Ligand SMILES: [Zn+2]
């Protein structure tokens, strides 16, 4: 085992290393079946006329293309995943002129919040959930995992079930990546400027929120937004966690008391706006990123709700009158 991981681990134990506490280094798993090989321009590989991939020492391989190659690739990486499937991914130099035509300047701006009840919330109130194709494969994965847990250790049926789980896992990962690609491309296409909260995924992952945060795969989605913003000349501003986005009223700027996660909506004591936790956060993120926040999509004011029910002319304050 190389020395550097141990050096980092001991430095972390002694508090000499910045960042989160590190665990002891682990050996690569004997069961980890993922393998990859990369062929650069110098290696003798090519895409043949009939759409096969010709690799040195291997020969021509049949390929199911996910998209056509826009230009001649500079390298190819062949990966075998844990489910035993082979993938070829090509590196291609980008063409700035073609990119500009594909994604013209939109002039729009958006603030996005990575929620826990929904995948993403936009400042205009749009709540985006994971699509049905992703939920379907997730359900299949759960089924496969249940079946595996019922099989006897060391049995042939268990081995079969294990492979089934590995394939289901791979399908979930594929579907999730596809969803992240679709959504990040849509947000980049529609907006010139994006403000988003700089969620410390590592810090969140250590809390009991771990499952939902990991499952949703924030970091993959954010990484896609970052590289697409770079590529298509969009501005992506990350707002630090020190901005109290959940307890600041996005209409009047009043900073209220702490808002634990179970509080889904609250009424601003200063201006009376009824605030949806996630939409309010997305609006604050947008403003903190230096982007203009629209006044439309006006907040629901409790006194207006009351006025419909009580024509005697009550002004609806204090807000608890809403429950009447
Ligand atoms: Zn307010």
Residues in segment 188-199: is at least one modelled with pLDDT of 80 or more, part of a helix (DSSP H, G or I) and in contact with a helix residue (DSSP H, G or I) (Cβ under 8 Å, 6 or more places away or on another chain)? yes
Test residue 113 against the stated conditions and say whether it is touching a strand residue (DSSP E or B) at 6+ places or on another chain (Cβ under 8 Å) and either in the same structural domain as residue 217 (by TED's automatic domain parsing) or modelled with pLDDT of 95 or more (or both). yes
Positions within segment 266-281 being within 16 Å of the ligand (Cβ to nearest atom) and under 24 Å from the mean Cα position of the chain (by Cα), in sequence order: 276, 277, 279, 280, 281
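Let's see how each residue does on (1) crowded, with 17+ Cβ neighbours inside 10 Å; (2) modelled with pLDDT under 90; (3) in contact with a strand residue (DSSP E or B) (Cβ under 7 Å, 6 or more places away or on another chain); (4) not in a strand (DSSP E or B):
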| residue | (1), (2), (3), (4) |
| --- | --- |
| 144 | yes, no, no, yes |
| 154 | no, yes, no, yes |
| 160 | no, no, no, yes |
| 169 | yes, no, no, yes |
| 203 | no, yes, no, yes |
Just give me the residues in segment 236-251 being within 11 Å of residue 196 (Cβ to Cβ) and either away from the ligand (no atom under 16 Å from the Cβ) or free of Cβ contacts under 8 Å to residues at least 12 places away in the same chain (or both), in sequence order. 236, 237, 238, 239
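The values are calculated or read from the model by the stated rules, or taken from the named source; none is laboratory data. Bear in mind the structure is a predicted one, so any value in this text is a computation, not a measurement. Heads up, the Cβs are rebuilt from the backbone with ideal geometry, glycines too, and the neighbour counts pull from every protein chain shown.
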